[in-house]
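Right, one structure below, let's go through it.
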Amino acid sequence: MFLPPGFGEKYVMTALGRIVYYTAVGKPWSDTEVEQSSDKTLVFLHAFGGGSSAYEWSKVYPAFATDYRIVAPDLIGWGRSDHPARTYHVEDYIKTIIEFIEKTCNSPVTAIALD
């Protein structure tokens, strides 16, 4: 798994399990004026397909880290997040994404997604 310089792995617990996400944690991003509680947050959501994860965005989101707080989750059932045994429905992902954003962000965000 490629992790861009200055980015680290964090996680939050949701009703369906642990979601791992990637965000700026060190240099050179720690020297920027973007606060962790910033109202300038970009959430990068990966696609749903074989092998999907936040890795899809790992060479893109650093380009925005100077001006935005970056949050790139591995959605539940994908990547390094929990993989609970269940049949997933669209509603599961909608609820979990909302819960994830509520737990990691203090204000409205801009979401960027792959289809």
Top-ranked residue of region 58-96 - restricted to ones that are more than 17 Å from MET13 (Cβ to Cβ) and either among the aromatic types (Phe, Trp, Tyr) or touching a Phe, Trp or Tyr at 6+ places or on another chain (Cβ under 6 Å) (or both), ranked as surrounded by the fewest Cβ atoms within 10 Å (Cβ to Cβ): TYR88
Which condition does GLU99 not pass, out of (1) closer than 19 Å to THR41 by Cα; (2) touching a Ser or Thr at 6+ places or on another chain (Cβ under 7 Å); (3) surrounded by 18 or more Cβ atoms within 10 Å (Cβ to Cβ); (4) not aromatic (Phe, Trp, Tyr), if it passes all the others? (3)
List, please: which pairs have Cβ atoms under 8 Å, are six or more places apart or on different chains, and start with a residue in region 98-109 that is under 13 Å from LEU75 (Cβ atoms) and end with one that is loosely packed, with under 11 Cβ neighbours inside 10 Å? GLU99/ALA15
When ILE76 is run through (1) outside any loop (DSSP other than H, G, I, E, B); (2) among the aliphatic types (A, V, I, L, M); (3) under 15 Å from the mean Cα position of the chain (by Cα), the failure sits at (1)
Of the listed residues (SER52, SER37), the one being modelled with pLDDT under 95 and either among the β-branched types (Val, Ile, Thr) or under 16 Å from PHE2 (Cα atoms) (or both) is SER52
Of the residues in region 60-106, those that are under 21 Å from GLY49 (Cβ atoms), of a type in the set (Gly, Ala, Ser) and touching a strand residue (DSSP E or B) at 6+ places or on another chain (Cβ under 9 Å) come to ALA72, GLY77, GLY79, SER81
For the subset of region 78-97 comprising residues that are among the hydrophobic types (A, V, I, L, M, F, W, C) and free of Cβ contacts under 8 Å to residues at least 40 places away in the same chain, which member is farthest from ALA113 (Cα to Cα)? ALA85
When residues of region 25-34 are limited to those that are surrounded by fewer than 12 Cβ atoms within 10 Å (Cβ to Cβ) and not charged (D, E, K, R), the one modelled with the lowest pLDDT: SER30
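The values are calculated or read from the model by the stated rules, or taken from the named source; none is laboratory data. None of the values given here were measured: they were computed from a predicted structure. All Cβ positions, glycine included, derive from the backbone under ideal geometry; neighbour counts span all protein chains shown.
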